[in-house]
Structure formats: C-alpha cells, structure tokens
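Structure first, commentary second.
Read-outs: derived from the displayed coordinates by stated rules, not from any lab. This structure is a prediction, so every number in the text was calculated from the model and none was measured. Every residue, glycine as well, gets a Cβ built from its backbone with ideal geometry; the counts of neighbours run over all protein chains shown.
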Amino acid sequence: MDKLIISGPCTLSGNVRISRAKNAYLPILAAVLLSDKPIHLKNIPELQDIKTMIKLLSNLGVKVTKNGDITTFDAKDLNSHEATYDLVKTMRASIFVLGPLLARLGKAKVSLPGGCAIGTRPIDLHLTNLEKLGCEITLNAGYVEAHVAKMQPTSLRLDFPSVGATENLIMASVFADGTTTIENAALEPEIDDLANFLNAMGAKVTGIGTQKIQITGVKSFNEVTYEAIGDRIEASTYLMAALATGSDITIEGVQSKHLQFVIDVLRKMGAKIETTDDRIMVFKSDLKGCQVDTAPFPGFPTDAQAQLIALCTQVKGISVITENIFENRFMHVPELIRLGADITLKGKIAVIEGGMPLTAAPIMCTDLRASAALIIAALATKGDTELQRVYHLDRGYEKLEEKFSKLGAKIKRVKE
Ligand code: UD1
C-alpha cells in the first residue's frame, strides 16, 4: 500500500487547476446507460471511483474509447442488467445504475451497497420512490432485483433531500410517458449538472436548481458532447489548505458560486478571499474560530467538514462543528489528535481548541474526506508526517501530489 510523506510546515503559492467533479461525473456516467447514441465526455478525472464506474459500464456492455481528453461511450448494445457485488461493494455510487437500467431495459439487478465507513447510508429513498413509479422491487441474497413494464409518472416527495435518490429518480423518469415531479429534491450543483447533461441529450428536465424538479418523458436521445462542472469539494480542500498554512494561492476551474457557503464561513473566520465567476484568490489571513453545522446544499457541505476541522486546529480559539448528514463522520479526529490537536467529540459535535502546534506522527487515512483533512494538517505540521492507506485519497483527488508539489509543498509517495 502506498504512503505519502509530507514534510512541513510549508507555505503554498501559485495557481492550482481544479479537476472536473467526481460527484458530477459518477451519475453522468451512469446516465450513459440510457442512450443508444454515442456520448463524448470531456476531461473525466482519473480517479479510482471513476475507473470503478467505467468498469461497471463495460461489464454491462458499454464500449468505451479514449481519444485525448475525450472519452466516448457507446451503450447501443447492452448485454447485462446486473451490477455485481465485487464492484458495488467498493463504491456506493454504483447504485446510480439502478434508475438508468430500469428506464432503458425495464430490469436491473444491483448489489446492495452495504455499510460504509461514514455511516449506514441506506437506499430506502431510492427504492420506495422507484416503487411509486411502478417498479417492482425485491431484495434477494444481497441484491436489489427490480423490473418495470412501463414507468408510471407521478408526484414524488423525498422525506430527505438525498443527492443520490434525486439523481436516480431523475434518470429513471426520462422515458416515462408523461411528467414525473420530485419535490424536496436535493439542490447540489451536481444534480443541475446531471439535468443539464440529460437535457443536452434531448431529455426534458425542468425546475433545475429548485426543490421541485419535473421530468417529462421523451422517446430517445441524441449524440452529445459534454463536460462536467469543476469539483467544489476539491476546491474547498485547496482553499482550506492555503488558509491553514498562511498561504496566498489562486484556485482555477471551479464556479465560485458553488462554494458560496464555504467562502462565507471562511470570510466570517477572517479569511481574505476574492472571487470571480471561475477563480478564487485566497490570501494569508488572521483567523478566528467558527461555529458551523453541515447541511444539504446550499448549506455547508458534509464533504468539507473534515477539512474545516483540520483548518480549525490551526486557528486560535474554539471552533464548534456539528455533523448533521452522516452519523459516523469524525474518523479524522483521532488521527488529528495523534498529531497533537485538541479536539473533543460529543456525539455529532466536535469542539476544537485551535492554535496548538502539531508534531509529525504516522497517521492513517480512513475515508476520502478524512484523508483530505490529514493532508491539510500535515502541511501545517512540523516534521515528516507519514500518511498510510492513501488509496482513499486516490478515490477522489486527481493528481494530488503533483498539484500540491506545484504549489510548493514537499510531498512524496512511497510505494510499498
Ligand atoms: C452524495 C455524495 C457524497 C456526499 C453526500 C451528501 C455522490 C457520489 N456522493 O452521497 O459525497 O457526502 O451526497 O452531500 O454524489 N439517506 C437515506 N436514505 C436514502 C438515501 C440517503 O436515509 O435512500 C441518508 C443517508 O444515509 C445520509 C443522507 O441521507 O445520512 C444524505 O445522503 P445522500 O444525500 O443520499 O448522499 P449520497 O447520494 O450517498
């Protein structure tokens, strides 16, 4: 297993270009299954989760070819409707193929994603609402087995604005004979991106960016070329890394409005941040503690909570961070404490007494965003911090060492 050695503390400078969003491309890749026409996707990030999704598509019969920064998908001849356990167990987002397979083939067999390091993460909202659309679903030997003769458009209301359920239900409804409404839909920018992609192929999705999304069925799709939005969580990570190390950097290739809440929180802490539509400039700032609750978009993203805690360890004063989305998302905390951070956990609340100097120690990545937090802390820590199990980072951060090295960090990968 690879390790990262980060020699700190360091100051970052220069520009970093953000990759296209993993969480936008995962549902878009699943949506490839809907079309019998070629789909050309630009700048798909080279990440483990993306490779897993592409492998899943290939297993279902999708032909994939790469030419420079364009990857072409041809799902004309699907030869399977089954997403097997060996792939699904490595990535919960595999559940995204359920809606498209039902819409295209009328049947799907998808392994249950099972538990996950950051909580139980059920899929009840996906399944109960697919049933309302007329799908018959059974759970059998660890698999969701579903079929539908004809999707029945109806009005759906989500009990919680689940990102994945909203995306699955949009995809399931694109060929239904009539209009499906999803109320209390999630508002995350990646959902708008999926809807824009589907509309570019000829779908009729309206209410994009609102909590009431309407999908009017169409008969077929067209060939399309599309590029997903920039990754707002990757951008948030670089933003917080810069602030934690007292650095001036410019972040490019992401729509700053997608990080508005994060930027507002950081500015309230004293961060000097300037933005244009697609660029964020952050400057060395004198920060104070914060009180932040994670919430569905447009609130503070749970995917940036770990990174914020790492930043708070570097800020004088007390910070109080409440995790409201996932029940077990503080696995970075014991690792940060190993570096000398003063953090107390009380249920879903983390209290951080910041400003204590951190000292290098071997630490372990436990999930994707927890690992990002450890990188931020290690950049601010004196000495050589050894990060183990970096395969978690490879799931979601493209060219991480290259990007941080270009900004001036001393970071190297050791293969074992
Ligand atoms: C997506 C993101 C993930 C992010 C999360 C919340 C992708 C690939 N992943 O995950 O990075 O952390 O949104 O912003 O886009 N829930 C249920 N029943 C369901 C579905 C969800 O109870 O059927 C609960 C979950 O357990 C969790 C909460 O709803 O507590 C949010 O989950 P959801 O919005 O569905 O997240 P994901 O789509 O899994």
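The table that follows gives values for the structure above.
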| quantity | calculated |
| --- | --- |
| Cα-projected label distance for Asn199 with Thr138, points at 7 Å along beta-carbon direction, nm | 4.0 nm |
| Set Lys22/Lys66; Lys316/Lys412; Lys42/Lys268; Lys66/Lys403; Lys3/Lys382; Lys89/Lys410 screened for pairs whose C-alpha atoms are more than 27 Å apart | Lys316/Lys412; Lys42/Lys268; Lys89/Lys410 |
| Protection proxy ranking of 321-328, 19-26 - average other beta-carbon atoms within 10 Å, highest first | 19-26, 321-328 |
| Estimated 222 nm signal from helices in the chain, with DSSP H stretches of n ≥ 4 weighted -39500 (n - 2.57), rounded to 500 | -8500 deg cm²/dmol |
| Karplus 3J(HN,Hα) series, Hz, for region 166-179 with 6.51 cos²θ - 1.76 cosθ + 1.60 (x for Gly, Pro) | 4, 5, 4, 6, 4, 5, 5, 9, 5, 10, 5, 8, x, 10 |
| Region 1-125 shape via C-alpha gyration tensor axes, a/c threshold 1.5 | oblate |
| Cα shape, the chain, gyration tensor, a/c 1.5 rule | prolate |
| Alpha-carbon centroids, region 140-164 and region 204-264: separation in whole Å | 26 Å |
| Sequence-distant residues sharing a close amide H with Ser19 (under 5 Å, placed H) | Asp231 |
| Mean Cα-pair separation over length for region 302-416, i.e. relative contact order, pairs under 8 Å, 6 or more apart, % | 26 percent |
| Inter-label distance, nm, simple model (7 Å from Cα along the C-beta direction), Asn79/Arg413 | 3.2 nm |
| Packing-based order for 242-248, 11-17, using average beta carbon neighbours within 10 Å, highest first | 242-248, 11-17 |
| Relative contact order (%) - criterion: Cα under 8 Å, at least six apart; region: region 1-109 | 27 percent |
| For Glu82, residues with placed amide H under 5 Å, excluding near neighbours | Lys109 |
| Top of Asp264, Asp86, Asp367 by mean-square fluctuation, Gaussian network on the chain, Cα under 10 Å | Asp86 |
| Separation of the Asp277 and Leu87 label points, Cα + 7 Å toward Cβ, nm | 3.7 nm |
| Mean separation of Cα contacts under 8 Å, 6 or more apart, over the residue count of region 178-323: relative contact order % | 20 percent |
| Overall form of region 293-394 per C-alpha gyration tensor (a/c, 1.5; a/b vs b/c) | oblate |
| Most mobile of Gly68, Gly289, Gly354 in a GNM of the chain (Cα contacts under 10 Å) | Gly68 |
| Selection from Ile191, Cys10, Leu339, by position along the positive dipole direction of the chain (Cβ) | Cys10 |
| Student exercise, region 299-368 dipole from Lys, Arg, Asp, Glu Cβ charges, in Debye to nearest 20 | 140 debye |
| Förster-model FRET efficiency, 30 Å R0, Lys316 and Ser13, C-beta, rounded to 0.05 | 0.80 |
| Charge tally in the Cβ shell below 15 Å around Ala185, where Lys, Arg are +1 and Asp, Glu are -1, Ala185 excluded | -4 |
